[in-house]
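Chemist: Below is the structure I would like to discuss, written out as structure tokens.
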Amino acid sequence: MAPRCFESRRIALLTVAAYCVLSAALLWPLPLHLRSALPGDPAGDLGVYVWNLWIFRHELLDHGHLPLSTDHVFAYTGGADFSLHNYTPLAGLVGMPLMGLLGVVGTFNTVLIGCVGLSGFAVHVLARRIGLRQAAAFAAGAVFVAAPVITARETAHFSLVTTGALPLFIWAVLRVLDSRATRDAVLVGVICAVAAYSDAYFGIYCVLMGLFTVAWRFGQVDVTHAPPDRVRRRFIRIFDAIAALALTAALVPVLLRIEALTLGTIRIRFALYTPMLVLALACSVRSWLRWRPRLTIVDEERSIPRLFRLGLIAIGVCTVLMLPSLVGILESAIDGDLPESDIFWRSSPRGVDALSYLVPNPVHPWFGHITSGWFMPHRQDAWPEFIGSFSVLAVGLIVVAAAVRGLPAFWLWFTGLFTALSLGPFIHVAGVNTALPGPWTFLRYVPLVGMARAPSRFAIVAVLGLSILFGHAVEIWLRKTTWRARTGQFLFLAALVFELNPAPRHLFPADVPAVYSLISTDDELSSVLELPTGIRDGMSSIGDFSAESQFFQTKHRHRLVGGYLSRVSGSRKRENRRNPVMRMLTMLSEPSGTADPDLIARARESRNRFLSRTCVGYVVIHKRRASPELQAIAADVLQLVPIHDDADYELLRPVDPPACEPRRRGYRSARAELTTPPIE
């Protein structure tokens, strides 16, 4: 038994190494520039993810407390809590011992390569659990990490590529359903917590995946194949008529290009949303009347009570591990400081295009520049948020395998469900909003689930399902051992490698401008005001704060007046805008922004209070981004004098600043090591 156990461990280690090599190859030539380049622009979201790793180590080692909040951003309001930020603390923990050796950028790139490799291995483990042979399981993991859904997000959304916990969660749920062992229930809770710490959305995805898996195991849907009776036929005809009228009401104004109609004093505006909603509801009721589906619970072994108790154990373990974040959320709720997330019927975030899964690799070095814009919304941050591409060749093989009925129904329905969720509240086809409601239309109003406010990210789970289906299709094909089959398999593999290859990747320099070296210090009491400035989160932006400011902070270490986190509460935004100086600076930081003379006069009077509360010691002006009006008014109101000037930046400091009295509200009261009382 010992040699066999050793052999399986050796195979597992070799498999992990193979996936890490594949990950490095997919990011090539990044491994050659680990310490000097990044796969994405540090001025975008990627800059904040690099900052995440640095601030985790900085708060833990340099400040000596749990790295769950910081005062290094939002200096005016006293810092921020990370409970609702895409913080990736597990990656920070892994990267912490590497940072002294590799630096911040080198650590980030190394952790990125490792996390992507481990994600592939996790899919491999799941595929082996469900019975696939080594080659087919490896193919499933490889196509998952090579899918454009992953490789595109490597350029911006680091947390969304740390996906290893998602397949491992399904693996653990399948284990506990089979073994009914307490240790496996504990494992489910641990992996769910790991998923939530990898990305806030992943914890929600685990809940949905777990519910689907359990429902599939014990639920059975029976439909009637007998023709409906006369009463049901009458109702079916009524709903057929309603559906036809709704479709007519939707199509006629579109075909006639009528946007509105005026009847006397009444103006009627035509839109697709209501007719398509009526159409969807009518078709749903009609289908229910025709097939009369009935859900029954099948539990011949009477295992549901035992599994229910194990589920409570898993929830308890996950809750205990998530306590640091949950306490932060609870304290924010008590203080009324939770981010506001109103869900609007028509204007909530959309999902990926229904055809996006079939777009040829948008990250490909040869044709990616052509396909990367297909079916993308006209938004500045659309790419890579709405990339849903998998693999045209892999989808083709899955279709062939489905045609011969060789694919498991569980994974077909699993993939279909999460694909439908990824389409968002209203389905877009070829860039056109059909206004046809999908499952997310209603699921987004469910508590907790609705916190996953960007439905396009369900594409990651959908691609996980597609990868497992691809592994099953490969398994079927590998059963054919003729020379023709082997030749076809080799040619298919070569074509698949060509299609999914994203290398060589476009890299971005990770240099920090020299101006920040001038203010680099171990004295972190003073803060830096960068102009333009503002407050930014995943849904809104006040002023014009750039993520590169937090990336540059890894060099100078001073606190920042502005900041960028995934979620920023409305109360924080309002408190910043109440101060005349902050309001003036954010207004002037907006593109073509202006400030009226009365606001400038009030800001001049509030100068000392602003400087005392923020402890501004340095002002860095980005010449290419800050308007001349912003530069002149800021220098006048804050009484700044220049101390350095180059082609891109000007460094200034305030004359005779008042005594520094920072506000510390961003730290949790449970941290006894912070004894400085809050200054209101």
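The values are calculated or read from the model by the stated rules, or taken from the named source; none is laboratory data. Note that the coordinates shown come from a computational prediction; the quantities given were computed from them, not determined experimentally. So basically every Cβ, Gly included, is an ideal-geometry build from the backbone, and we count neighbours across all protein chains shown.
Chemist: In region 55-80, which residue that is among the hydrophobic types (A, V, I, L, M, F, W, C) and out of contact with any strand residue (DSSP E or B) (no Cβ under 9 Å at 6 or more places or on another chain) is surrounded by the most Cβ atoms within 10 Å (Cβ to Cβ)? Give the derivation first.
Modeler: Taking region 55-80 and keeping what is among the hydrophobic types (A, V, I, L, M, F, W, C), we get 55-56, 60-61, 66, 68, 73-75, 80.
Then keep just the ones that are out of contact with any strand residue (DSSP E or B) (no Cβ under 9 Å at 6 or more places or on another chain); that gives 56, 60-61, 66.
Working: 56: 25, 60: 17, 61: 12, 66: 14.
By that ranking, first place goes to 56.
Chemist: With the checklist (1) crowded, with 22+ Cβ neighbours inside 10 Å; (2) assigned to a helix (DSSP H, G or I) in hand, flag the one item residue 42 doesn't pass.
Modeler: Exception for residue 42: condition (2).
Chemist: Only helices (runs of 4 or more DSSP H) wholly contained in region 422-507 count here; list those with 1 or more residues that are farther than 30 Å from residue 116 by Cβ and either of a type outside the set (A, V, I, L, M) or under 20 Å from the mean Cα position of the chain (by Cα) (or both).
Modeler: Per the criteria, 440-443, 483-500.
Chemist: Please find, within region 512-556, the residue that is farthest from residue 630 (Cα to Cα) out of those that are buried (at least 19 other Cβ atoms within 10 Å of the Cβ) and of a type in the set (D, E, K, R).
Modeler: 537
Chemist: So which residues in region 53-77 are under 19 Å from residue 158 (Cβ atoms) and touching a helix residue (DSSP H, G or I) at 6+ places or on another chain (Cβ under 6 Å)?
Modeler: Correct list: 53, 54, 56, 57, 67, 68, 70.
Chemist: How many residues, within region 350-391, are of a type outside the set (S, T, N, Q), closer than 20 Å to residue 429 by Cβ and in a loop (DSSP other than H, G, I, E, B)?
Modeler: Here the count works out to 20.
Chemist: Just give me the residues in region 165-203 being surrounded by fewer than 24 Cβ atoms within 10 Å (Cβ to Cβ) and within 14 Å of the chain's Cα centre (by Cα), in sequence order.
Modeler: Correct list: 196, 200, 201, 203.
Chemist: Among the listed residues 431, 388, 424, which satisfies the condition of being buried (at least 22 other Cβ atoms within 10 Å of the Cβ) and in contact with an Asp or Glu (Cβ under 8 Å, 6 or more places away or on another chain)?
Modeler: Details: 431 fails: buried (at least 22 other Cβ atoms within 10 Å of the Cβ); 424 fails: in contact with an Asp or Glu (Cβ under 8 Å, 6 or more places away or on another chain).
Exactly one residue qualifies, and that residue is 388.
Chemist: Restrict the check to region 97-107 and report whether at least one residue is surrounded by 20 or more Cβ atoms within 10 Å (Cβ to Cβ), of a type in the set (S, T, N, Q), at pLDDT 90 or above and touching a helix residue (DSSP H, G or I) at 6+ places or on another chain (Cβ under 8 Å).
Modeler: Quick first cut of region 97-107, residues surrounded by 20 or more Cβ atoms within 10 Å (Cβ to Cβ) only: 99, 104-105, 107.
Filter once more, keeping what is of a type in the set (S, T, N, Q): 107.
Those still in the list that are at pLDDT 90 or above too: 107.
Filter once more, keeping what is touching a helix residue (DSSP H, G or I) at 6+ places or on another chain (Cβ under 8 Å): 107.
Yes: one or more hits.
Chemist: Can you find even one residue in region 218-227 that is of a type outside the set (Lys, Arg) and part of a helix (DSSP H, G or I)?
Modeler: Applying the first criterion (of a type outside the set (Lys, Arg)) to region 218-227 yields 218-227.
From the residues that got through so far, the ones that are part of a helix (DSSP H, G or I) too are 218.
Scanning region 218-227, I find at least one residue that is of a type outside the set (Lys, Arg) and part of a helix (DSSP H, G or I), so the answer is yes.
Chemist: Could you tell me whether region 78-90 includes any residue that is in a helix (DSSP H, G or I), in contact (Cβ under 8 Å) with a residue 40 or more places away in the chain, in contact with a helix residue (DSSP H, G or I) (Cβ under 8 Å, 6 or more places away or on another chain) and closer than 19 Å to residue 196 by Cα?
Modeler: Scanning region 78-90 turns up at least one residue that is in a helix (DSSP H, G or I), in contact (Cβ under 8 Å) with a residue 40 or more places away in the chain, in contact with a helix residue (DSSP H, G or I) (Cβ under 8 Å, 6 or more places away or on another chain) and closer than 19 Å to residue 196 by Cα.
Chemist: Let me ask something additional. Can you list the helices (runs of 4 or more DSSP H) found entirely within region 248-335 that contain at least 1 residues being modelled with pLDDT under 90 and either on the phi < 0 side of the Ramachandran plot or touching a Cys at 6+ places or on another chain (Cβ under 8 Å) (or both)? Steps first, answer last, please.
Modeler: Values: elements: 273-291, 304-321, 323-334.
Helices (runs of 4 or more DSSP H) meeting the threshold: 273-291, 323-334.
Chemist: Go through region 352-371 and give me each residue that's crowded, with 21+ Cβ neighbours inside 10 Å and under 12 Å from residue 383 (Cβ atoms).
Modeler: 352, 356, 359, 362, 363
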